[in-house]
Amino acid sequence: EVSSEELAPPEPTGIVVVELFSSQACMFCPKADGYLNKLAEMENVIPLSCHVDYFDIKKGSLAKPFCTKRQSDFSKTLRSGPKYTPQMVINGKYDSVGYKKEQITSSLFKAGNDKIPLIDIKPADSTTRFSIALPATEPGTYEIWVAITEQPITRSIIIGKNKGQSVLYENIVSDLSSAMAWDGKAQNVTLTAGMDAGKKTLAVFAQNALTGDIIAAGQYKRPARPISAPLEGELKLNP
């Protein structure tokens with residue numbers, strides 16, 4: 001097992017966005033899911049677990065078509081070749097095999113020096129409206145993306161190569177959308193995003209529309225919900 005200290009970038013000076021493209025059908029993905037869970041413990045890391053639908057189990061799926069679309073977009077900007085799982089993309093610019101510690105550590109070392117500024121996120125007048133403070137950065141053509149993640153779940157995989165395994169999934173992306181274009185000037189905006197009790201975090205990040213590089217990011221963490229009863233003996237929510 002790999003500790004968060006082993007994977008941590010040295011004295012990070014900015015935010016690090018880690019996107020894991022995973023699948024419950026992938027034999028090596030549980031190890032990558034565990035790595036991401038460790039990274040999620042670090043304050044400077046924004047972890048996003050996106051399950052693809054082109055390689056998946058048929059029952060109890062966590063996959064989303066937008067995850068496949070996003071990974072496809074990265075395969076073009078990163079020139080990483082055909083899509084594969086598990087893949088970790090860090091700050092939109094570093095590609096690592098999601099279960100190979102050496103590759104992940106190398107990418108984190110680089111990402112820790114990117115000096116990505118923080119996007120400040122605060123609740124506005126309700127649980128669905130948030131005030132977003134975009135910091136001034138180099139002028140350019142950017143997209144503001146909004147990602148919502150679920151509370152952690154433990155799921156027993158009942159078919160496929162991982163049959164019989166019980167896997168803790170954290171930061172599963174349940175919604176991902178491009179909210180607006182941005183030119184890099186300091187700006188305060190209000191965004192609408194559904195953050196009910198089943199949601200864990202709201203992540204907002206600015207991405208270069210041409211290169212895919214993430215140049216600013218932030219997240220709002222919702223207080224954890226209580227443990228709920230398992231669903232049909234297969235699913236339970238963790239605090």
Most to least accessible of 196, 56 (protein chains only, probe 1.4 Å): 196, 56
Simple Cβ-charge dipole of region 112-182, Lys/Arg +1 and Asp/Glu -1, about Cα centre, in debye nearest 20: 400 debye
Heavy-atom accessible area ranking, 1.4 Å probe, most first, across 62, 20, 210, 118: 210, 118, 62, 20
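Would you work out if region 61-213 is rounded, prolate or oblate? Take a ≥ b ≥ c from the square roots of the eigenvalues of the alpha-carbon gyration tensor; rounded if a/c is under 1.5, else prolate when a/b is larger than b/c, oblate otherwise. Spell out each step's value before the answer.
Values: a/c = 2.02, a/b = 1.24, b/c = 1.62.
Verdict is oblate for region 61-213.
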Most to least accessible of 221, 200, 115 (protein chains only, probe 1.4 Å): 115, 221, 200
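Report, as a whole number in µm² per second, the diffusion coefficient that Stokes-Einstein gives for region 65-151 at 25 °C and 0.890 mPa s using the Kirkwood radius over alpha carbon pairs. Walk me through the intermediate numbers first.
Details: Rh = 15.6 Å.
For these conditions, the coefficient is 158 µm²/s.
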For residue 56, residues with placed amide H under 5 Å, excluding near neighbours: none
Amide H contacts of residue 112 (H built 1.01 Å from N, under 5 Å, at least 5 apart or other chain): none
Global form of region 69-113, assessed from the alpha-carbon gyration tensor, a/c cut-off 1.5: oblate
Value of D in µm² per second that Stokes-Einstein yields for region 175-221, Kirkwood Rh from Cα pairs, at 4 °C (1.567 mPa s): 105 µm²/s
Formal net charge of residues neighbouring residue 17 (Cβ-Cβ distance under 11 Å; K, R +1; D, E -1): -2
In order through region 44-54: 3J(HN,Hα) via Karplus (6.51 cos²θ - 1.76 cosθ + 1.60), integer Hz, x for Gly, Pro: 7, 9, 9, x, 10, 9, 10, 8, 7, 10, 8
With every protein chain in place, region 130-181: carbon and sulfur % of accessible area (1.4 Å): 52 percent
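The values are calculated or read from the model by the stated rules, or taken from the named source; none is laboratory data. If you're wondering where the values come from, they're calculated on a predicted model, not measured in any experiment. Cβ coordinates were reconstructed from backbone atoms using ideal geometry, including for glycine residues, and neighbour counts include every protein chain displayed. Surface accessibility is based on the protein's heavy atoms, side chains included, excluding ligands, DNA and RNA. Shrake-Rupley method; radii C 1.70, N 1.55, O 1.52, S 1.80 Å.
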